[in-house]
Amino acid sequence: LVGTCRVWGISTSGTAPLQLSHDFDTLGTGVCTGDEINLVNGLAAGGPVVNGNSSVVYAVTNGYGPLSAMPGGEVWVTTSAGVTLMTNVTENATQNVNPQGYAISSVAMDSSDGTGNTAYVGIMGFSTAGYPTSHVWKTSNAGASWTDWTGTGATELPDNPVNALLVDAQAGMVYAGTDVGVFVSSTAAASWAEAGPAPGPGVSGFLPNAPVTALQIFNPNAFTKTLVAS
């Protein structure tokens, strides 16, 4: 999958490019000009495999910024990739996951849901007076509706940009890379805690208070998992 001003599916041999979305700037199907602003920030694919390809594909975009009269970052999805182009699911009649118009940085699917309908998106920016910002949203129906996964009270995610998301479906956990480190929550209920070892002799403790730009998890054997953050 390649994200530019739209989303493409291209074979690993570099042939047979397939357009999966409209141009997110113009909503047209013409060639990208290079002047587009509302570009793809993150992609995720999964769900049932049809003709060798994942049928569900999500994309999140940068938007035009919170000071622009144009739309902010958006969430797009198709549940029949290669047949039906992506649909904008950022808001509906009762919800808007990005009312402040920030960039939407990331999307991560929960592979424990074989339908591909369950995913999380990460919102950048900060809350301002009278305008709280929810930084993580969850959908269980491919964007038809959303649940605020920012949490509340002592287990709320810090009010900082979320730059990366990762779902460990096996453990039922979702990780968020923020501007102040990595946090982790159950996928069953929004309850966040800082990720990292408890400080102690010979243990460095939590990650530095610094922006995290990407997350990946590796399982080198049946007994260990390694979470890598940049």
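Computed quantities for the displayed model
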read-out	value
Qualifying residue in the range 170-181 (condition: open to solvent by less than 40 Å² (accessible area, probe 1.4 Å) and either part of a helix (DSSP H, G or I) or at positive phi (or both))	yes
Odd one out for ALA210 among (1) over 15 Å from the mean Cα position of the chain (by Cα); (2) open to solvent by 50 Å² or more (accessible area, probe 1.4 Å)	(2)
Residue count, the range 31-80 (criterion: open to solvent by 40 Å² or more (accessible area, probe 1.4 Å) and within 24 Å of HIS135 (Cα to Cα))	13
Test: residue in the range 25-35 that is under 17 Å from MET124 (Cβ atoms) and either among the charged types (D, E, K, R) or touching a Gly at 6+ places or on another chain (Cβ under 9 Å) (or both)	no
Residue within the range 182-191 that is in contact with a Lys or Arg (Cβ under 6 Å, 6 or more places away or on another chain), within 23 Å of GLY116 (Cβ to Cβ) and open to solvent by 70 Å² or more (accessible area, probe 1.4 Å) present	no
GLY47 vs. criteria more than 22 Å from ASN141 (Cα to Cα) and out of contact with any helix residue (DSSP H, G or I) (no Cβ under 7 Å at 6 or more places or on another chain)	no
Failed criterion for ALA144 (all others in (1) within 20 Å of ASP113 (Cα to Cα); (2) assigned to a strand (DSSP E or B); (3) small (Gly, Ala, Ser) hold)	(2)
All positions within the range 140-156 that are more than 15 Å from SER186 (Cα to Cα) and either touching a Cys at 6+ places or on another chain (Cβ under 7 Å) or open to solvent by less than 20 Å² (accessible area, probe 1.4 Å) (or both)	ALA142, GLY143, TRP146
Residue match in the range 213-228 (condition: open to solvent by less than 60 Å² (accessible area, probe 1.4 Å), under 28 Å from GLY73 (Cβ atoms) and touching a helix residue (DSSP H, G or I) at 6+ places or on another chain (Cβ under 6 Å))	no
Meets criteria (farther than 22 Å from ILE217 by Cα and either open to solvent by 40 Å² or more (accessible area, probe 1.4 Å) or out of contact with any Phe, Trp or Tyr (no Cβ under 7 Å at 6 or more places or on another chain) (or both)) for GLY122	no
Subset of the range 81-94 [assigned to a loop (DSSP other than H, G, I, E, B), among the polar types (S, T, N, Q) and surrounded by 15 or more Cβ atoms within 10 Å (Cβ to Cβ)]	THR90
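The values are calculated or read from the model by the stated rules, or taken from the named source; none is laboratory data. Nothing here was measured: the structure is a model prediction, and the numbers come from that model. Here the Cβ is made from the backbone with ideal geometry for all residues, glycine too, and neighbour counts use every protein chain on show. Each accessible area value is taken on the protein alone, full model and side chains, heavy atoms only, with ligands, DNA and RNA left out. Shrake-Rupley method; radii C 1.70, N 1.55, O 1.52, S 1.80 Å.
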